[in-house]
Structures are given as structure tokens and as C-alpha cells.
Amino acid sequence: MQPAAPAAAEPIRESATPAPRKTPTGLQGFDEITRGGLPAGRTTLLLGGPGSGKTIFAMQFLVHGALECGEPGIFVAFEESPASLLVNFEPFGWGLDALQPDKLYLMDARPPIDLIQSGTFDLRGMLAALGELIRRMGAKRIVFDALDIMLAMLPDTASKRQEIYRLNDWLLRLAVTGLITAKSGGDELSSVGMQQFGFMQFMVDCAVILNHVISDGVSQRNLRVQKYRGSAFDENESPFIIGQKGLVVAGGRPPGRDAAEVTDERLSSGIERLDTMLGGGYFRGASILITGRPGTAKSTLGGAFVAAACRRGEPSMFVSFDSDRREMVRNLGSVGIALGEYVDSGLLRIVSVRTVSGSAETYLVRIRLLAAECGARTLVIDPVSTFFRSSNRLTAQRIAERLIDWAKSEGITLLCTSLVDDVGGKSSAGSTLHISTLADTWIHLTYLLEAGERNRGLAIMKSRGTAHSNQVRELLLGASGITLADAYTSGGKVLMGTQRWDKERADRSDAETARMLSAVKLAQLDAEEAHLALREKGLQADRLGKQAERLLLTQANSKRKRTEAQDDSEVRTLRSADASPDEAD
């Protein structure tokens, strides 16, 4: 007997489990990291050390739900009183007083200071009261802030686990989106599992870790989503700041969101001859890098660019890490770049961050917020190499990448200057900033030392999509503005400054001498031509005289012959003689 043929394997079917619904948090950048927000109707654990921003995160989540999503919320405070919360959150301008009690309810769940614990207790009573409040308000969001304080009152780990699971089951049963905050053991937090209540990470559907560290004397706040059941998310740490409106997370470009529309539109650099070298100017939405040593006019080129943008009526922003706003207006005005009127009209915003301390990530987030506030279409950061002073090389590189990616996604034309020691891109801090590989256009400014002079030179290192000039031009600054001089070479060397001036003067002198010699030669030729013309006229007169003389001579000979013939005839007649034999013949 033949063995029976094996049964055909059934095809593998993809799971039909739908992706979890998301509840937007309203935290700029965080919803992009989590692809939409926290899991709706489920529990999220928010863990962090002191000062990491847990309570702000939680309250901002509730305020956004009440104001923007029509979802009332409840804030259960185990650590701070409702009165303290209202005072602490007042600077954010969320209007908590107006939201209470119908859209936002603050519950004081702090244990009394003089509490003497006797026997055991659980959360059932509080949860029953909260359940009634949820039904009355129609609440969709609830926060348990500093739950670890309550858990610390339980006698053992088993009791703590039991109450945590009780809370989680209660949240799932009511289908409200729950957020639990708890303290970590320190600022160097890397995993929830390292903490006393680490078992909570296995229970919740989403775990978010906040940390606040000091690196080289600079404050740095970071956020990381450790887990998110049923959803993709960004697993890397993302920096965030506590801004005027709450937490702002420096997330990357949301998946599926392309950069702004790519166009062939050109924008003037503010320098006519540089536009010619670039084939018409910079592309709109491009990223431009201007590198050079101190004093090579990097800031000046940035000022010329924003001035040109303002003349077109485009909102612009100039971020300076080196100078005060008034100093920038004065200094650029000395080279014919007038920015004061644009600053006064609000078309240009100059932000001086010379005295602002913080990490490079903090700078990036603040720049994004400020650019959004003024609706900037043109942005200058002078210099971007400052990021190295407040972060390590790898962090600075990531920041540069996110900066360019963000600008392109918003359609902002970005110009960055960078302080370097050489063309290779080595920064003054000794770290290498590879932003030149990311930039669309790279212009390098340098000094040329010759004949006891130091002159500025400009060269276009690259410009994507452009048939740009390969010449080195001398950059000249004057009260009337910025100009680029023609390149002069001698013996294979580019001449600038006095040498260029001497070369130009010599060329002008040679041209004048050649012009004068040509004029003298032309005069000589004219004189010779006139002399020959006179000679020609004299010869013509001589010829006519000779012709007349010949005619007269011919006529005289003819007359003489006739006269002689007549005389001979008369003589013969007088002599009555016969004709001579010759005559007879």
C-alpha cells in the first residue's frame, strides 16, 4: 500500500486583532513617538526621578483631553494638595480654575500627616468613590499621581501587588484611560524593573520613563517609551523641555510624513554676485552651511540672507549664540544690512541665546518652538557648532540631523554657520561636525595671507542640483554692502587685497598704454594716407600735362607738314616746273 499523502498545510493567517485605539496626550512630539498617544481604555505607567516632569506630563494629559478632546478627567493626588497644584500650574496658562469641577476634578488623596496605621487597608473604598465620580462626570481619563506613596503604606510586596492588580482591573472594567505616576530610585534610571515596584511594568500596557540628569554641569531631561503593547513606537531616548505651555518632546519626523513640497524656486542670498555663482540663489527649503574661522563674515552672510527674505515679506528668525539682538542690528548695519526696521515691524525675530544655559537638545526644542511662534519661513542659526559646547559629539551629530530633518518637513529654508579650523570641518572644540554631508549647499570662508595682508575668500564647496561656480572669490565688506571681487591669478596663485589691486591697476595701465599706442599709430597712418593722396593728385596733374604736351606736339608736327607741303606747291607754281619724279609717282 502506498502511504497516504500528507495533508496540505493550512496557510498562515495574519492576526485580525485590531491595533489599539490611541488617546492623544497633547504633548508636542510625544504623540509622534507613540504613533498617536497613550493606549485608550488601558493603563500607562509613568516613572521618573525628582524634577523629571511626571506631574506636569500627567496634568497636561488631562487638560488636553478636557479642552481639545471633550474628555473630562480626574487627577488623584497622593503627594500634593489641589491648592498647591493650582498654584504650580498657573504659569502654564491652562486655566485649571475654569475647568473645575465638571471637566477636571482634583481629588486630594494624601494620607494625613498624623496618620497612625492600624491593621490593613485596601483601595476598594476610594475606587468605589471614584467610580461614582467617573459616571457622574462622564470622565474618560484619570491620573493617579505619586501612587508609590500609597503603596509604601502597605505591609508587604504581596499586598502591593494585589492593590496594583485591583487598580488595573478597575480601570479596564470602566474603560477609562489611566495614567499612573511613580517615583524612581534616582536620576540614573534605565529600567522599571530595577525599582521596588518593577512588577508594574508587566501589568501595564505602556511604560514611559522620564529622567533628569546633569552632564558636565548642564541639565538634561530625557523621555523613553519602554514598552507599548500592540503598537510600534520610537524606542530611543528623546530629549524634552518644560516650556511655557508644558512639556515639549523633541521627537523626529512622524512616520509617513514627507518633507515639504520640493520646488525649483530660488531664493536670493542677499548678495547678487553670490546668486550668480549659485546659478540663481539657494533652493527654497534647502539647508545651507557656511563654515569659516572667526571673523570670516559668517554672521554677515547670514544677516544678508534674512534681510533678503524680509524684503520679500517672509517671516524670518535669526538665532545668535554670539551676540545680543541690539549688537546684531548695529554690527550688520555697518556693512549696509539694515535689520532694525524688520525687527520693529515683527517680520524678523532675532533671538540671542548667548546667556541661556542648557543642553544642545534644549536649544533645538526651544528653536523649534520659537520658529513656530513667529511662523518663520527662513531660519539662521549662528553658529550651530555651539551645540558641541553643551553635548558630546554623537549627541551633537544627532541634533544636527534632527534640525535639518525638521526644517525640511516644515518647508523652512535653513542657514547654519559653523566655526571650523579647516575646510575638513574640524570644530574649534575639537569635535567633527558632519553636518556638511547633510547640507544641500556648503559655502566655505577662509583667510588668504599674502604680502602682510589677511583677506577673506569665498568658495562654494558643493550645491546640490546647481551648476555652481568653482572659483575662489574675494569677499569685500564695506559701508555700502557686501561684494565679491573677480578672481585674479598670477603664477597659479589667487591674488587678493593689495596684490589684486596692484594687478588691476597694472591691467588698467597696460590697457591705457595700448589704447594710446593704437591712437598714435592710427594718426600716423592717417598722415601717410593724406601724403599719398597728395602725391597721387600731383602725379595725376603731371600725367595730364604730359598728355597735353604730347597732343600739342602732335598737332604742331601735323601743321608743319601741311605748311611745308603748301610751300613746296607754291614754289613749283612760281617756277612753272613739273612735278618731281617722286611727286609724279
- Residues in region 451-458: is at least one closer than 20 Å to residue 295 by Cα, among the hydrophobic types (A, V, I, L, M, F, W, C) and at pLDDT 85 or above? yes
- Note on the structure: Considering residues that are modelled with pLDDT of 85 or more, surrounded by fewer than 19 Cβ atoms within 10 Å (Cβ to Cβ) and either outside the structural domain of residue 49 (by TED's automatic domain parsing) or within 24 Å of residue 25 (Cβ to Cβ) (or both), the number found within region 137-167 is 2
- Give region 283-307 a look and list any residue that's assigned to a helix (DSSP H, G or I) and not polar (S, T, N, Q), or say none. 298, 301, 302, 303, 304, 305, 306, 307
- Message: Please go through region 286-302 and give me each residue that is farther than 15 Å from residue 473 by Cβ and in contact with a helix residue (DSSP H, G or I) (Cβ under 6 Å, 6 or more places away or on another chain), ordered by number.
- Response: 287, 289
- Among residues belonging to region 26-76 that are in contact with a His (Cβ under 7 Å, 6 or more places away or on another chain) and surrounded by fewer than 24 Cβ atoms within 10 Å (Cβ to Cβ), point out the one that is nearest to residue 202 (Cα to Cα). 49
- Go through region 308-329 and give me each residue that's closer than 18 Å to residue 265 by Cα and either outside any loop (DSSP other than H, G, I, E, B) or acidic (Asp, Glu) (or both). 308, 309, 310, 311, 314, 316
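Considering 564, 583, 504, which residue is surrounded by 10 or more Cβ atoms within 10 Å (Cβ to Cβ), closer than 30 Å to residue 334 by Cα and at pLDDT below 85?
Values: 564 fails: closer than 30 Å to residue 334 by Cα; 583 fails: closer than 30 Å to residue 334 by Cα.
Checking each option against the conditions leaves just 504.
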- Message: Testing residue 276 on (1) touching a Gly at 6+ places or on another chain (Cβ under 7 Å); (2) assigned to a helix (DSSP H, G or I); (3) of a type in the set (Val, Ile, Thr), one condition comes back false. Which one is that?
- Response: (1)
- Pick out the one residue from 381, 367, 399, 337 that is at pLDDT below 85 and assigned by TED's automatic domain parsing to the domain that holds residue 292. 399
- In region 443-453, how many are farther than 19 Å from residue 272 by Cα and touching a residue at least 40 places away in the same chain (Cβ under 8 Å)? 6
- Message: Based on this model, can you work out whether residue 338 counts as loosely packed, with under 15 Cβ neighbours inside 10 Å, out of contact with any Phe, Trp or Tyr (no Cβ under 8 Å at 6 or more places or on another chain) and touching a residue at least 24 places away in the same chain (Cβ under 8 Å)?
- Response: yes
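Yes/no matrix, rows are residues, columns are (1) among the polar types (S, T, N, Q); (2) closer than 25 Å to residue 374 by Cβ:
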{"residue": "269", "(1), (2)": "yes, yes"}
{"residue": "274", "(1), (2)": "no, no"}
{"residue": "278", "(1), (2)": "no, no"}
{"residue": "282", "(1), (2)": "no, yes"}
{"residue": "287", "(1), (2)": "yes, yes"}
{"residue": "295", "(1), (2)": "no, no"}
{"residue": "309", "(1), (2)": "no, yes"}
{"residue": "316", "(1), (2)": "yes, yes"}
{"residue": "321", "(1), (2)": "no, yes"}
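Residue-wise test of (1) out of contact with any helix residue (DSSP H, G or I) (no Cβ under 8 Å at 6 or more places or on another chain); (2) part of a helix (DSSP H, G or I).
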site: 75; (1), (2): no, no
site: 79; (1), (2): no, no
site: 86; (1), (2): no, yes
site: 98; (1), (2): yes, yes
site: 106; (1), (2): no, no
site: 139; (1), (2): no, no
site: 149; (1), (2): yes, yes
site: 158; (1), (2): yes, yes
site: 169; (1), (2): yes, yes
- Task: Within region 135-161, track down each residue that is in contact with a Pro (Cβ under 9 Å, 6 or more places away or on another chain) and of a type outside the set (Lys, Arg).
- Result: 137, 138, 139, 149, 150, 153
- Query: Looking only at region 337-351, which residues are in a loop (DSSP other than H, G, I, E, B) and in contact with a Leu (Cβ under 9 Å, 6 or more places away or on another chain)?
  - Reply: 338, 339
- Would you check if there is a residue in region 311-321 being more than 27 Å from residue 29 (Cβ to Cβ), of a type in the set (A, V, I, L, M, F, W, C), modelled with pLDDT under 95 and surrounded by 21 or more Cβ atoms within 10 Å (Cβ to Cβ)? no
- Test result for residue 487, among the aliphatic types (A, V, I, L, M), modelled with pLDDT of 85 or more and either within 37 Å of the chain's Cα centre (by Cα) or in the same structural domain as residue 437 (by TED's automatic domain parsing) (or both): no
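Matching residues to (1) buried (at least 18 other Cβ atoms within 10 Å of the Cβ); (2) acidic (Asp, Glu); (3) touching a Lys or Arg at 6+ places or on another chain (Cβ under 7 Å); (4) at pLDDT 75 or above:
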{"position": "404", "(1), (2), (3), (4)": "yes, no, no, yes"}
{"position": "407", "(1), (2), (3), (4)": "yes, no, no, yes"}
{"position": "433", "(1), (2), (3), (4)": "yes, no, no, no"}
{"position": "442", "(1), (2), (3), (4)": "yes, no, yes, yes"}
{"position": "460", "(1), (2), (3), (4)": "yes, no, no, yes"}
{"position": "469", "(1), (2), (3), (4)": "yes, no, no, yes"}
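Matching residues to (1) touching a Ser or Thr at 6+ places or on another chain (Cβ under 8 Å); (2) more than 22 Å from residue 367 (Cβ to Cβ); (3) crowded, with 20+ Cβ neighbours inside 10 Å; (4) modelled with pLDDT of 90 or more:
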site: 237; (1), (2), (3), (4): no, no, no, no
site: 243; (1), (2), (3), (4): no, no, no, no
site: 249; (1), (2), (3), (4): yes, no, yes, no
site: 257; (1), (2), (3), (4): yes, no, no, no
site: 263; (1), (2), (3), (4): no, yes, no, no
site: 267; (1), (2), (3), (4): yes, no, yes, yes
site: 282; (1), (2), (3), (4): yes, no, yes, yes
site: 286; (1), (2), (3), (4): yes, no, yes, yes
site: 295; (1), (2), (3), (4): no, yes, no, no
- Note on the structure: Within region 134-180, the count of residues that are without any contact (Cβ under 8 Å) to a residue 40 or more places away in the chain, β-branched (Val, Ile, Thr) and in contact with an Asp or Glu (Cβ under 8 Å, 6 or more places away or on another chain) comes to 0
- Item | Filter result (touching a residue at least 12 places away in the same chain (Cβ under 8 Å) and out of contact with any strand residue (DSSP E or B) (no Cβ under 9 Å at 6 or more places or on another chain)) within region 308-330 | 313
- Message: Condition (residue is at pLDDT below 65, in the same structural domain as residue 294 (by TED's automatic domain parsing) and under 27 Å from residue 247 (Cβ atoms)) applied to region 419-430: is it met by at least one residue?
- Response: no
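The values are calculated or read from the model by the stated rules, or taken from the named source; none is laboratory data. Quantities reported herein were computed from a predicted structural model and do not represent experimental measurements. With ideal geometry, Cβ positions are generated from the backbone for all residues, glycine too; neighbour counts draw on all protein chains shown.
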